[in-house]
Amino acid sequence: MEMTPKQIVAYLDDYVIGQKDAKKAIALALRNRYRRMQLDKELQDEIMPKNILMIGNTGVGKTEIARRLAKMMELPFVKVEASKYTEVGYVGRDVESMVRDLVANAVRISREKYEKKIQKDIDKEIVKKVVEILVPKLPTNATQSAQESFIKTYNTMEKKVLNGSMDDKFITIKLPKNTHVEVFDSGAPMADISIMTDAIGNMIKNAKNNTYDKTVTIKEAKKLLKKVVKEELVDEELITKDAISNVENGGIIFLDEIDKIVESGSNKGQDPSKQGVQRDLLPIVEGSSISTKYGQVNTDHVLFIAAGAFHISSPSDMLPELQGRFPLRVELEALDESALYKILTNTKNSLLTQYEAMLGVEGVKLVFEDGAIKAFASLSAKANEKTEDIGARRLHTVIEKVLEDISFDADEKNGETIKIDKKLVEQKLQAIIESEDITRYIL
Ligand SMILES: Nc1ncnc2c1ncn2[C@@H]1O[C@H](COP(=O)(O)OP(=O)(O)OP(=O)(O)O)[C@@H](O)[C@H]1O
Ligand SMILES: [Mg+2]
């Protein structure tokens, strides 16, 4: 189940073109988590994750790498934008909330895993509950023959409920009233007393009168009871414990847009709140204990991967202490014409595939000729050169421009095949690209 560095890189290769160094650094960091876990506890404590800072122009795949990691990972993982946070004491999200998000994610993973494991028990219990309503219990002093016939009826009924032949029949089930009381996040500001009183009020109400009757089809009952049974069978404590341990040993926080909390040399000190956020980050990245609604979580071994374009500022503008906490630096390269071409042709769910699928809904078949794809790439590269380099995002604007009209009229073209060739692309774009001013506004 644990992926080797090569497998991780191969997986990322399906979606992200180039950026070898970044992929390699990340693959290694992930593998090192696994390696560390194989060691004895004493050594484990000593081995700290080496946090990574990815630096690269806009639109070269930083966030894309993170998105793909998120889908791939079985470890707790969150991607957060550094720009979302505010310094502790100010209105907004404080940086500790990223750890709480991570824990919430871990709990979800652990719960899914646990529920899968006890799925059979859950299903069995649901059927049992339904059958017990259909076949009322016998009094304890029932005769031998009554008992035998009871067992017989019970078993037939069980079969019928299981195979769905009773699904249309109605039964009355007992459901809990609002069993779920949101316990406020212990890490959140406690100022709002009203939340607390509400929560307590609900608890008291529910304790007094906690079920109600509902008459539904058996099919519906099975669905409704699922939640009830889950709540009965799932061991929350076990899940929480597992989740916290996973966070502490394998958790990863992807801190995107880190450059947005860094001021450039000349502007330094103008926006103290940015520095404040950086300062608040220090203990978390270094390792500290954060309180969450699931309990205390230690971040000593949480891996941080930060990414930023650093257009205006540079990594050396970060607080020195924060710089020091991201020892591994990787640069992502700019995307040239051939990389752009590969992004269109060699990635899963590429932009072209997306367009084909979208217009397919209207019954229009799009066919991209290779010449057209090459033209997309070369014109995008040209536009990037002439104006700002916005990386692969340029492909979006360029292709959209070419397909705009086709997409607009697609509903009238049901059943048609539309060929996109080089001529069409150039005809739509050449004039725009030649003029720098127009490029600036249109692409
Ligand atoms: N190397 C790449 N391979 C495949 N697709 C890419 C690559 N780089 C960028 N893209 C595509 O371009 C778009 C923008 O990329 P992404 O969001 O990763 O940019 P970024 O590096 O995070 O930029 P920013 O600094 O502006 O946040 C996405 O749709 C992504 O799929
Ligand atoms: Mg990004």
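The values are calculated or read from the model by the stated rules, or taken from the named source; none is laboratory data. Computed from a predicted model, the values in this text were never measured in an experiment. Glycine also receives a Cβ, built like all others from the backbone with ideal geometry; neighbour counts cover every protein chain displayed.
Annotations for the structure displayed:
- When the range 261-272 is limited to residues that are in a helix (DSSP H, G or I) and modelled with pLDDT under 90, the one that is farthest from ligand 1 (Cβ to nearest atom) turns out to be P272.
- Residue count for the range 349-376, restricted to those that are more than 19 Å from E404 (Cβ to Cβ) and either among the charged types (D, E, K, R) or assigned to a helix (DSSP H, G or I) (or both): 3.
- One residue alone among R68, R111 is of a type in the set (D, E, K, R), within 16 Å of ligand 1 (Cβ to nearest atom) and assigned to a helix (DSSP H, G or I), and that residue is R68.
- F254 being outside any loop (DSSP other than H, G, I, E, B) and either in the same structural domain as R67 (by TED's automatic domain parsing) or more than 16 Å from ligand 2 (Cβ to nearest atom) (or both): yes
- Selected residue [farther than 29 Å from K62 by Cα and either surrounded by 15 or more Cβ atoms within 10 Å (Cβ to Cβ) or of a type outside the set (D, E, K, R) (or both)] from L366, L351: L366
- Taken over the range 274-314, the residue count meeting the criterion of being of a type in the set (S, T, Y) and closer than 30 Å to G59 by Cβ is 2.
- Every pair of residues 6+ apart whose Cβ atoms lie under 6 Å, when the first sits in the range 201-224 and is at pLDDT 65 or above and assigned to a strand (DSSP E or B) while the second is hydroxyl-bearing (S, T, Y) and exposed (fewer than 13 other Cβ atoms within 10 Å of the Cβ): D213/T172; T215/T172
- Criterion violated by I133 - all others in (1) surrounded by 13 or more Cβ atoms within 10 Å (Cβ to Cβ); (2) within 27 Å of V247 (Cα to Cα) satisfied: (2)
- Conditions (1) farther than 19 Å from K24 by Cα; (2) surrounded by 20 or more Cβ atoms within 10 Å (Cβ to Cβ); (3) at pLDDT below 90: number failed by E96: (3)
- Number of the exception - L30 against (1) more than 16 Å from ligand 1 (Cβ to nearest atom); (2) assigned to a helix (DSSP H, G or I); (3) surrounded by fewer than 20 Cβ atoms within 10 Å (Cβ to Cβ): (3)
- Those residues of the range 276-315 which are out of contact with any Pro (no Cβ under 8 Å at 6 or more places or on another chain), in a loop (DSSP other than H, G, I, E, B) and either away from ligand 2 (no atom under 16 Å from the Cβ) or modelled with pLDDT of 95 or more (or both), in sequence order: G287, S288, K293, Y294, T299, D300, S314
- Residue match in the range 27-38 (condition: polar (S, T, N, Q), in contact with a helix residue (DSSP H, G or I) (Cβ under 7 Å, 6 or more places away or on another chain) and away from ligand 2 (no atom under 16 Å from the Cβ)): no
- Residues in the range 139-153 that are surrounded by 10 or more Cβ atoms within 10 Å (Cβ to Cβ) and assigned to a helix (DSSP H, G or I): A146, Q147, E148, S149, F150, I151, K152, T153.
- Only listed residue being within 16 Å of ligand 1 (Cβ to nearest atom) and not charged (D, E, K, R), chosen from I258, I239, I252: I258
- Lone unmet requirement of (1) under 24 Å from N349 (Cβ atoms); (2) assigned to a helix (DSSP H, G or I) for L102: (1)
- Failed criterion for A70 (all others in (1) crowded, with 17+ Cβ neighbours inside 10 Å; (2) under 17 Å from the mean Cα position of the chain (by Cα) hold): (1)
- Qualifying residue in the range 76-86 (condition: more than 15 Å from ligand 2 (Cβ to nearest atom), over 20 Å from the mean Cα position of the chain (by Cα) and assigned by TED's automatic domain parsing to the domain that holds E248): yes
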